[in-house]
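As structure tokens, the structure follows; a few thoughts come after it.
The values are calculated or read from the model by the stated rules, or taken from the named source; none is laboratory data. These numbers were taken from a predicted model, which means no experiment stands behind them. Positions of Cβ are generated from backbone atoms using ideal geometry, with glycine treated the same way; all protein chains shown enter the neighbour counts.
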């Protein structure tokens with residue numbers, strides 16, 4: 001019976017891989033390498049996040065300096081009318097609408 005191979009489910013293989021690694025004496029080394037790769041990936045993510053934050057800070061500083069160079073300060077908040085002023089403005093502009 002040449003070429004006959006029994007296939008198993010993926011979970012069986014995932015359980016047998018550590019046994020095979022232990023048999024070959026590479027289980028601990030493979031596990032250590034995986035942990036090192038994960039640690040390197042976390043460090044790289046932290047570095048990239050820090051660089052992104054620095055870049056965003058530089059852009060904000062550049063925009064602030066650019067605005068100050070033009071003499072443009074941050075726009076002041078507009079005065080918001082209170083409810084009575086709004087009602088009075090409606091009455092003044094639309095007397096027939098209210099009747």
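Below, the figures for the structure above:
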{"item": "Conditions (1) assigned to a loop (DSSP other than H, G, I, E, B); (2) at pLDDT 85 or above; number of the one not met by residue 80", "result": "(2)"}
{"item": "Residue 38 vs. criteria surrounded by 10 or more Cβ atoms within 10 Å (Cβ to Cβ) and either modelled with pLDDT of 90 or more or at positive phi (or both)", "result": "yes"}
